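First comes the structure, then the notes that go with it.
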Amino acid sequence: MPEPREDEQISSHEPSTSRSASASPARIFGRALVLTVVGGLVPGLGLIKAGRRKVGLTVLALFALLVGAAVYAVIAERRTLLHWAVQPKALRLAAIILPALAVAWAVVILATYRSLRPSTARAWQRLVGVGAVLALIGVVAAPLSVASRYAMVQKDMVEHIFAKKESKSATRPTKVTVEDPWAGQDRVNVLLLGGDGGHDRIGIRPDSIITASIDTRTGDTVLFSLPRNLRKIPFPKDSVLADAYPNGIYAGPGDQLEWMLNSIYENVPDQHPDLLDSDNPGADATKLAVSGALGLRIDYYVLVNLKAFEQLIDAFGGITVNVNYPVPKGGSEEEGLKPGGWIQPGPNQHLDGFDALWFARGRWGLDDYQRMLRQRCVIKAIIDQADPIKVLTRFEAIAKSSKDLVFTDIPQSMLPAFVDLSLKVKRAKVTSVAFTNKIISPWEPNYDEIHAMVQEGLRKSANASSSSSSITDSLEDACAYRPRRP
């Protein structure tokens, strides 16, 4: 039998170069690089081409399984993914698994290149090959590394902001469970506060006091805005504060500015230290006051420091609102200081964080009641315009602005339920009731009438066929562009 030719001997050991022994070294090397790239983007293919079929098919099958599972999760298990995104244990596990996948992928790329690289490659070709492999590893590993970092940032934010099991609250619901997060209630009521306090929460006098009452089945939401100068507020009869104040009413002698709603956060803990067994007695006292004022049990609170609000809006990429009259930026009538500028009227005005803050807060030459409407329009804009892609691309900025300047008593165990509820709110209708001086007297309020108006607002929200109400308004209409004098 004749001896095999030299080119046949080569082909039996190097399948990747079996096309022709006469192929130029440059072409052989180029083909090896191309197959390495293909095998890097679709792990396993390059190994199969190199003749390592069993290993290549195993890697390809695992890759297809992981991709299929990921696609299925995004399409069919989005709710589960969102739940994992607010659970520290799941986030910690993701932060470990993702880098491990990146390392495994890098190993496959290296193995693919080594299997395909011709033994005749010159020094400069080997250099080019190493550079190409490192670049390819960077391309596939970078997204996994970023996702791992995001998981740790999210875990840190969740653990920092949301209440742990051992945290103390005098007003938080106690009968909730993971299986029944709303304890059989049709609505959950969340107090939204905007204040100037910093890390130590000292000196907060909320500028914004809004209760979001959310239907737990549909997500339909009613925003109840209370003026900060509301007085003679009755605490709930079964609360310890009702026993601490004469007739259960927040009122007293001296400067009446110290007996308004927005002073409760600071004053009640000072007047009755240790009366409320709470990590944040100011927030619990304000929750009890708003409960008494509205005739609704307030379940949770969220306090956003105004500086955080500015950073948060910038992280979202700004908001778009209709501006119906000039809104001042800064200024103090009491101190004789004029605004530093104005937000000019116009439809669909895109505001950055600084301007959005003053749109929600500006009062020079205006009054609290006009500001209350603008604050509700800002909330509506955030609900409508919080795009998931924007949140993802600006995630670290959002997390950073939230971590130190947002406070809440919503426990970590409730976050999956709130995720589900937020998805409903995004698709639902939002109406509002603003207790301005046109419908109540902040100085001499009739709380029986206020309670009746609250119940009317809830009934109108629950009944889609209800006629319009004299006290409720659709934020779509209330925030529309209708230029007018302030």
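The values are calculated or read from the model by the stated rules, or taken from the named source; none is laboratory data. Everything numeric here is computed off the predicted structure, so don't read it as measured data. With ideal geometry, Cβ positions are generated from the backbone for all residues, glycine too; neighbour counts draw on all protein chains shown. Areas reflect the complete protein model, heavy atoms only, side chains present, ligands, DNA and RNA absent. Shrake-Rupley method; radii C 1.70, N 1.55, O 1.52, S 1.80 Å.
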Next on the checklist: Between a residue in region 260-279 that is touching a residue at least 60 places away in the same chain (Cβ under 8 Å) and any residue that is open to solvent by 60 Å² or more (accessible area, probe 1.4 Å) and of a type outside the set (D, E, K, R), which pairs come within a Cβ distance under 7 Å, given they are 6 or more apart or on different chains?
Outcome noted: 276/240
Checklist entry - Taking region 100-133 as the region of interest, how many residues are open to solvent by 30 Å² or more (accessible area, probe 1.4 Å) and either farther than 22 Å from residue 25 by Cα or not in a helix (DSSP H, G or I) (or both)? => result 10
Checklist entry - Among the numbered criteria (1) of a type outside the set (Asp, Glu); (2) touching an Asp or Glu at 6+ places or on another chain (Cβ under 8 Å); (3) crowded, with 21+ Cβ neighbours inside 10 Å, which single criterion is violated by residue 327? => result (2)
Item to check | Matching residues in region 267-311 - criterion: being modelled with pLDDT of 95 or more and basic (Lys, Arg) | outcome: 287, 297
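Yes or no, residue by residue, for (1) touching a residue at least 24 places away in the same chain (Cβ under 8 Å); (2) assigned to a helix (DSSP H, G or I); (3) aromatic (Phe, Trp, Tyr):
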{"site": "150", "(1), (2), (3)": "yes, yes, yes"}
{"site": "169", "(1), (2), (3)": "yes, no, no"}
{"site": "173", "(1), (2), (3)": "yes, no, no"}
{"site": "182", "(1), (2), (3)": "yes, no, yes"}
{"site": "205", "(1), (2), (3)": "yes, no, no"}
{"site": "210", "(1), (2), (3)": "yes, no, no"}
{"site": "230", "(1), (2), (3)": "yes, no, no"}
{"site": "241", "(1), (2), (3)": "yes, yes, no"}
Item to check | Extreme residue, farthest from the chain's Cα centre (by Cα), among residues of region 324-345 that are free of Cβ contacts under 8 Å to residues at least 40 places away in the same chain and not in a loop (DSSP other than H, G, I, E, B) | outcome: 337
Next on the checklist: When you check residue 223 against the structure, is it part of a strand (DSSP E or B) and open to solvent by 20 Å² or more (accessible area, probe 1.4 Å), yes or no?
Outcome noted: no
Next on the checklist: Of the conditions (1) under 30 Å from residue 241 (Cβ atoms); (2) in contact with a Ser or Thr (Cβ under 6 Å, 6 or more places away or on another chain); (3) open to solvent by less than 30 Å² (accessible area, probe 1.4 Å); (4) of a type in the set (A, V, I, L, M, F, W, C), residue 163 satisfies every one except a single condition; which number is it?
Outcome noted: (2)
Next on the checklist: If I filter region 178-186 for residues that are closer than 18 Å to residue 281 by Cα and either polar (S, T, N, Q) or surrounded by 20 or more Cβ atoms within 10 Å (Cβ to Cβ) (or both), do I get at least one hit?
Outcome noted: no
Next on the checklist: Could you tell me how many of the residues in region 447-469 are exposed (fewer than 11 other Cβ atoms within 10 Å of the Cβ) and either closer than 20 Å to residue 230 by Cβ or at pLDDT 95 or above (or both)?
Outcome noted: 1
Item to check | Test result for residue 276, in a helix (DSSP H, G or I) and not small (Gly, Ala, Ser) | outcome: no
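Quick one: is residue 311 open to solvent by 20 Å² or more (accessible area, probe 1.4 Å) and either in contact with a helix residue (DSSP H, G or I) (Cβ under 8 Å, 6 or more places away or on another chain) or within 18 Å of residue 383 (Cα to Cα) (or both)? Step through it out loud before you land on a result.
Numbers: open to solvent by 20 Å² or more (accessible area, probe 1.4 Å): yes; either in contact with a helix residue (DSSP H, G or I) (Cβ under 8 Å, 6 or more places away or on another chain) or within 18 Å of residue 383 (Cα to Cα) (or both): yes.
So residue 311 fits the description; yes.
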